[in-house]
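Novice: Sending over a structure as structure tokens; questions will come in a sec.
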Amino acid sequence: MSQFSGRIAIALDNVAMTFPRGTQALRPVSLQIAAGQFLCLLGPSGCGKSTLLRIIAGLQMPSAGEVIRDDGAGSVSFVFQDAHLLPWRNISRNVTLPLELAGIEKSTRRARASEMLEQVGLADFQRHYPAQLSGGMKMRASLARALVSNPSLLLLDEPFAAVDEMTRQKLDEQLLELWRKRGMTVIFVTHSVAEAAFLGQRAVVFSPRPGRVLLDHVLDLPAQRNLALRSDPQFARECGVLYQALEQGGRA
Ligand code: ADP
């Protein structure tokens, strides 16, 4: 995995955010993210993680600093905590939506949605409607919709926070598999230490609001991540490193 060499996909240069009414969400943050890297942003609720993700996506202007993005040929996709599926469209037609908006013709859209739904394990649910799916399945449909346009950058904002623990574990593993297959840059926001350690090649820990970087840590864990890793002593050590940074930030 070319995590520290090659192209820089995103460079944040002293990016800071104070909202117009005076809430300071982020102190200046500078980070470089390599193309194809899986980065987790970890921090307590309200520390500015979502704000930073929105700034990276270009959905929000920072009040200071600069974001330089080199997306290559690909696009950017965003996955939110809520699956945001359209209830009146079946799963296949939810997944084809970005392709429809991009003007791609019907048979190609259907074929790509079908392939994507197969990859997330929803091949048999294409004609179902969102209300007929469990929370985990809805998130998988949301992932399929995010990936169907083949983005070079995937941004996820606590996407699995609302599902139960076992479903979350499966979704984490599925996301890693998709990342390995596709090689896009991933930025994953979470407030869970264990999830950040399980998923990331690198974890950036933020202080309470206004967020600043407390720790930028390369996770010393095997590339292959599975359930067994969670009971590995090295996994516990890496979680400990992240916890310690969070705790020190909370005391400062
Ligand atoms: P996190 O994702 O870490 O939970 P957020 O980025 O959502 O944190 O929020 C950081 C802080 O900025 C919070 O205090 C939040 O209330 C505030 N905030 C977020 N969006 C806005 C906005 N549009 N206007 C004013 N304040 C905001």
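Novice: Take the Cβ-Cβ distance between Lys106 and Glu173 as r, set R0 to 25 Å, and report the resulting FRET efficiency rounded to the nearest 0.05. Could you put the intermediate results ahead of the total?
Specialist: Numbers: r = 33 Å, r/R0 = 1.31.
After rounding to 0.05, the efficiency reads 0.15.
Novice: Provide the gained length on full extension for the span Arg7 to Glu118, in nm with one decimal, where the gain is 0.36 nm per separating residue minus the Cα-Cα distance. Before the final figure, lay out the partial values.
Specialist: Values: separation 111, 0.36 × 111 = 39.96 nm, distance 3.08 nm.
Full-extension gain reported as 36.9 nm.
Novice: Could I ask something else about it? Net charge within 12 Å of Phe125 by Cβ-Cβ distance, Lys/Arg positive one each and Asp/Glu negative one each, not counting Phe125 itself? Before the final figure, lay out the partial values.
Specialist: On the way: positive: Arg127, Lys138, Arg140; negative: Glu118, Asp124.
For residues surrounding Phe125, the net value is +1.
Novice: Between 0 and 90 degrees, rounded to the nearest ten: what's the tilt of helix 106-119 against the longest Cα principal axis of the chain?
Specialist: Around 60 degrees separate the two axes.
Novice: Are there trypsin sites (Lys or Arg not before Pro) in the range 1-87 that DSSP marks as loop and that have at most 16 other Cβ atoms within 10 Å, and which are they? Present the calculation step by step, with values, prior to reporting the outcome.
Specialist: On the way: sites: Arg7, Arg21, Lys49, Arg54, Arg69; in loops: Arg7, Arg21.
Filter output for the range 1-87: Arg7, Arg21.
Novice: Taking all protein chains together and a probe of 1.4 Å, list Glu195, Glu105 from the most accessible to the least accessible. Can you show the working numbers first?
Specialist: Details: Glu195 5, Glu105 100 Å².
The residues order as Glu105, Glu195, largest area first.
Novice: Using a 1.4 Å probe, how large is the accessible area of Lys106, given in Å² and rounded to the nearest 10?
Specialist: Approximately 110 Å² of Lys106 is accessible to the 1.4 Å probe.
Novice: Suppose every Lys and Arg Cβ carries +1 and every Asp and Glu Cβ carries -1, with no other charges. What dipole size does the range 179-246 come out with about its Cα centre, to the nearest 20 debye? Walk me through the intermediate numbers first.
Specialist: Values: 9 positive and 5 negative charges, 55 e Å.
My answer is approximately 260 debye.
Novice: Highest GNM mean-square fluctuation, the chain, Cα pairs closer than 10 Å: which of Asp124, Asp216, Asp13?
Specialist: Of Asp124, Asp216, Asp13, the Gaussian network model singles out Asp124 as fluctuating most.
Novice: May I ask which residue of Phe160, Asn150, Thr185 lies farthest towards the positive end of the charge dipole of the range 139-186, with charges of +1 (Lys, Arg) and -1 (Asp, Glu) on Cβ and the Cα centre as origin?
Specialist: About the Cα centre, the residue reaching furthest to the positive side is Asn150.
Novice: In the chain, what percent of the accessible surface is made up of carbon and sulfur (1.4 Å probe, ligands and nucleic acids excluded)?
Specialist: On the way: 5910 of 11720 Å².
Carbon and sulfur together cover 50 percent of it.
Novice: If each residue of separation counts as 0.36 nm, what is the full-extension length gain between Asp232 and Glu66 once their alpha-carbon separation is subtracted?
Specialist: Working: separation 166, 0.36 × 166 = 59.76 nm, distance 3.96 nm.
Result: 55.8 nm gained on full extension.
Novice: Let me know the longest stretch in the chain that avoids all chymotrypsin sites (Phe, Trp or Tyr not before Pro) found in a DSSP loop with at most 11 other C-beta atoms within 10 Å. Don't skip to the answer; put the middle values down first.
Specialist: Values: sites that count: Phe4, Trp88.
No qualifying site falls inside 89-252, the longest such stretch.
Novice: Still on this structure: Let me check I've understood the local charge: for Pro98, count other residues with C-beta under 11 angstrom from its C-beta, Lys and Arg +1, Asp and Glu -1. What total comes out? Display every interim value, and only then the final one.
Specialist: Details: positive: Arg109, Arg112, Arg145; negative: Glu100.
The answer is +2.
Novice: While we're here: What number do you get for the range 101-252 when its Cα radius of gyration is normalised by 2.2 N^0.38 Å, N = residues?
Specialist: Values: Rg = 17.4 Å, N = 152, 2.2 N^0.38 = 14.8 Å.
For the range 101-252, the normalised Cα radius of gyration comes out at 1.17.
Novice: Okay, next question. With everything on Cα atoms, drop me the angle between helix 135-147 and the longest principal axis of the chain, reported from 0 to 90° to the nearest 10.
Specialist: Here the helix axis deviates by roughly 90 degrees.
Novice: Right, next: Let me have the relative contact order for the chain, percent, based on Cα pairs under 8 Å that are six or more residues apart. Don't skip to the end; give the middle numbers.
Specialist: Details: 475 pairs, mean separation 63.6, N = 252.
Relative contact order for the chain comes out at 25 percent.
Novice: Right, something else. Would you mind working out the accessible area per residue for the chain, using a 1.4 Å probe, and quoting it in Å²? Please list the in-between numbers first.
Specialist: Working: 11720 Å² over 252 residues.
About 47 Å² of surface per residue is accessible.
Novice: Rolling a 1.4 angstrom probe over the protein chains, ignoring ligands and nucleic acids, what is the accessible area of Met61 in square angstrom, nearest 10?
Specialist: 150 Å²
Novice: Still on this structure, I have one more. So how strong a dipole does the chain carry about its Cα centre when Lys and Arg Cβ are +1 and Asp and Glu Cβ are -1, to the nearest 20 debye? Kindly include the intermediate steps, with their values, before the conclusion.
Specialist: On the way: 28 positive and 23 negative charges, 99 e Å.
The calculation lands at about 480 debye.
Novice: Could you tell me which of Ala228, Val15, Leu42 has its Cα farthest along the dipole of the chain towards the positive end, charges placed at Cβ (Lys, Arg +1; Asp, Glu -1), taken about the Cα centre?
Specialist: Value computed over the given set: Val15.
Novice: Expressed as a whole number of Å, what is the distance separating the alpha-carbon centroids of the range 79-154 and the range 189-206?
Specialist: With the range 189-206 and the range 79-154 each reduced to a Cα centre, they are spaced 26 Å.
Novice: Next question. Among the aspartates and glutamates, which fall within straight-line cross-link reach of Lys49, defined as a Cα-Cα distance under 12 Å, with same-chain neighbours fewer than 8 residues apart omitted?
Specialist: Asp157, Glu158
Novice: If you don't mind, another one. Considering only protein heavy atoms, what is the solvent-accessible area of Arg182 at a probe of 1.4 Å, reported in Å² to the nearest 10?
Specialist: Looks like 80 Å² after rounding.
Novice: Sticking with this one: Would you mind telling me which residue in Gly74, Gly36, Gly135 has the biggest mean-square fluctuation in a Gaussian network model of the chain, where springs connect alpha carbons within a distance under 10 angstrom?
Specialist: Per the Cα network of the chain with a 10 Å cutoff, Gly74 tops the list.
Novice: So, counting K/R as plus one and D/E as minus one, what does the shell of residues with Cβ under 14 Å around Asn14 add up to?
Specialist: Details: positive: Arg27, Arg212; negative: Asp13, Glu66.
Within the 14 Å Cβ shell, the charges total 0.
Novice: Test of understanding: extend the Cα→C-beta vector of Gln132 to 7 Å, then name every residue of the range 80-104 with backbone N under 17 Å from that spot.
Specialist: Residues passing the 17 Å test: 85-96.
Novice: Sorting Val163, Val76 by accessible area (1.4 Å probe), largest first, what list results?
Specialist: Largest to smallest exposure gives the sequence Val76, Val163.
The values are calculated or read from the model by the stated rules, or taken from the named source; none is laboratory data. Everything numeric in this text was worked out from a predicted model, so none of it was measured. Methodologically, a virtual Cβ is constructed for each residue, glycine included, from the backbone with ideal geometry; neighbour enumeration extends over all protein chains shown. Side chains included, ligands, DNA and RNA excluded: accessible areas come from the protein's heavy atoms. Shrake-Rupley method; radii C 1.70, N 1.55, O 1.52, S 1.80 Å.
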